[in-house]
Amino acid sequence: MALEDGAAAFESTLEQDLIELLDFDPRVSEILVQPFSLHHEEDGARRRYTPDVRATYVAPGAEVVVYEVKYQEELRKNWAKYRARFGAAYRFCRQNGWRFKVMTEKHIRTPYLANVKFLRRFLRLAEQELITGQLLYTLKALGPTTPQALLAATYMSSESRLRAIPMLWKMVGDGRVGCELNEPLTMNSTVWMVP
């Protein structure tokens with residue numbers, strides 16, 4: 001996935017969290033920050049509005065989604081001000097065959113985000129083919145299991161198990177090993193082979 005900057009970098013940590021989620025999603029092929037500006041009428045004056053992020057998703061279901069990121073409290077407090085902006089963005093996106101979505105911390109700051117932040121650290125590790133091969137071989141034989149049980153079935157020594165943990169999380173992060181990422185990850189989460 002390619003992250004490209006538009007007019008400026010992200011404006012809030014909440015926006016940064018959304019970008020991190022999009023960057024982790026293998027279906028996203030491109031992320032543009034502040035991708036375009038458009039003009040609209042607000043309080044009897046012509047105003048300029050720039051959405052936060054545009055993400056391009058690849059097939060299946062290829063689409064472009066334009067995101068606006070706001071905290072729920074800010075959205076409630078300033079809805080009258082934002083309504084005209086969001087309406088203009090919605091119409092612009094619809095004319096281009098895109099979708100427009102407003103995202104709040106309720107949508108972004110979830111167990112999934114915590115898991116993404118945890119797993120991203122392991123994605124940068126160099127591949128240790130012997131360890132990943134052993135883990136995948138055992139996982140295939142066991143079927144769905146837990147990280148704790150997988151490590152115990154693969155290695156006799158606790159030292160070997162400890163060395164293998166980062167490679168297991170790397171494989172969860174890159175999608176070779178499946179895991180329910182909408183629940184907090186633990187050594188007792190269920191993991192499985194991805195076909």
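The values are calculated or read from the model by the stated rules, or taken from the named source; none is laboratory data. Worth saying up front: this structure is predicted, and the values here are computed from it rather than measured. All Cβ positions, even for glycine, are placed from backbone atoms using ideal geometry, and neighbour counts span all protein chains on display. Quick note on the areas: whole protein, heavy atoms, side chains included, nothing else; ligands and nucleic acids left out. Shrake-Rupley method; radii C 1.70, N 1.55, O 1.52, S 1.80 Å.
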request  = Tally up the carbon and sulfur contribution to the accessible surface of the chain as a whole percent, 1.4 Å probe, everything protein left in place.
outcome  = 53 percent
note = Quick calc, His39 & Val194: beta-carbon distance into FRET formula, R0 45 Å, rounding 0.05, result 0.45
inquiry  = Per residue, how large is the accessible surface of the chain? Use a 1.4 angstrom probe and give square angstrom.
reply    = 57 Å²
inquiry  = What distance in nm separates the two pseudo spin-label positions at Glu30 and Ala141, each 7 Å out from Cα along the beta-carbon direction?
reply    = 4.7 nm
query = Tyr90 accessible area, nearest 10 Å², 1.4 Å probe?
reply = 110 Å²
key: Too-long pairs where the Cα-Cα distance tops 25 Å, listed order kept, from Lys77/Lys106; Lys81/Lys101; Lys117/Lys140; Lys77/Lys117   = Lys117/Lys140; Lys77/Lys117
query = If you wrap a convex hull around the Cα atoms of the range 25-86, how much volume per residue is inside, in Å³?
reply = 95 Å³
query = Counting only protein chains, not ligands or nucleic acids, how are Met193, Met167, Met103 ordered by accessible area (probe 1.4 Å), most first?
reply = Met193, Met103, Met167
Descending Cα extents along the principal axes, the range 56-154, whole Å = 59, 31, 26
note = Rounded to the nearest 500, the 222 nm mean residue ellipticity computed for the chain from DSSP H runs (n ≥ 4, each -39500 (n - 2.57)) alone is -14000 deg cm²/dmol
ask   = If you stretched the chain out fully between Glu183 and Arg99, how much longer would it get, using 0.36 nm times the residue separation minus the C-alpha to C-alpha distance?
value = 27.5 nm
task = Obtain the radius of gyration and the Kirkwood radius of the chain from its C-alpha atoms and give Rg over Rh.
result = 1.10
inquiry  = Quick one: 3J(HN,Hα) in Hz for the range 49-56, Karplus 6.51/-1.76/1.60 with θ = phi - 60°, rounded, Gly and Pro as x.
reply    = 9, 10, x, 7, 8, 10, 10, 9
